[in-house]
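Reviewing the structure listed below.
Please treat every number below as a calculation from the coordinates, not as lab data. Bear in mind the structure is a predicted one, so any value in this text is a computation, not a measurement. As a convention, Cβ positions derive from the backbone with ideal geometry for all residues, glycine included, and neighbour counts pool all protein chains shown.
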Amino acid sequence: MATRAVIDDFLAQDHLALVGASRDPKAFSSTVYRELRAHGHTLYPVNPNADEIEGDRCFHSIDELPPEVAGASVMVSADRAVGVVDECTDHGIPRIWLHKGVGPSSVSDEAVAHCRERGIPVVDGECPLMFTEPAAAVHRIHRFERRITGRLPT
């Protein structure tokens, strides 16, 4: 489990990639994208099949991302996450967030191990919307539930 310090450090970055951004505005990755952008982040969506996401230029691969990207939120299936982690670390992205929330998780033991072996801080299995402020009511409820059950990172 990631510490709150790793989570806060990731969310303190201005330039973030969202790998697995969807063209479907109803997809959960689109909600995450909009919320992170609304909280002041400059986002770089990555989707090999899209030219634009939420009105922003979409990057077809991690290799196309500009050097100022300081973290990558990974929202692909767990079986693809290790490949994305490898691409991010090869590109010099120093922070990884393996998403877990609504729908399939991006967390795999292998992807987490790849991050740790490379000294990359990793958030493994949280939803960033629980940690952005102000959080929507549903995310505050999830955060409260996780706090009282001892599953909220500290």
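Using 0.36 nm per residue and subtracting the Cα-Cα separation, the extra length available between residue 77 and residue 14 on full extension is 20.2 nm.
With a simple spin-label model that places each label point 7 Å from the Cα along the Cα-to-Cβ direction, the separation between residue 136 and residue 118 comes to 3.1 nm.
Of 71, 55, 20, the residue with the greatest mean-square motion in the GNM of the chain, using alpha carbon springs below 10 Å, is 55.
The HN-Hα couplings worked out from phi for the range 16-24 by the Karplus form 6.51 cos²θ - 1.76 cosθ + 1.60 (θ = phi - 60°) are 10, 8, 10, 8, x, 4, 9, 6, 7 Hz, whole numbers, x standing for Gly and Pro. I need the calculated FRET efficiency for the pair residue 1 and residue 68, taking r as the beta carbon distance and R₀ as 30 Å, to the nearest 0.05. Calculated transfer efficiency: 0.55. Charge tally around residue 127: other residues with Cβ under 13 Å, Lys/Arg +1 each, Asp/Glu -1 each, net +1. Placing +1 on the Cβ of every Lys and Arg and -1 on the Cβ of every Asp and Glu, with no other charges, gives the chain a dipole of roughly 760 debye about its Cα centre. If you add up the charges near residue 63, with Lys and Arg at +1 and Asp and Glu at -1, over every other residue whose beta carbon is less than 10 angstrom from its beta carbon, what do you get? Once positives and negatives cancel, what remains is -3. Dividing the Cα radius of gyration of the range 68-116 by its Kirkwood radius returns 0.94 for Rg/Rh. Classification of the range 1-100 by its C-alpha gyration tensor yields a rounded form. The axis ratio a/c (a ≥ b ≥ c) stays under 1.5.
Taking a ≥ b ≥ c as the square roots of the eigenvalues of the alpha-carbon gyration tensor, the range 33-154 is classed oblate because a/c is 1.5 or more while a/b is no larger than b/c.
Across the options 92, 71, 127, the greatest Cα extent toward the positive end of the charge dipole of the range 57-146 (unit charges at beta carbon of Lys, Arg, Asp, Glu) belongs to 127.
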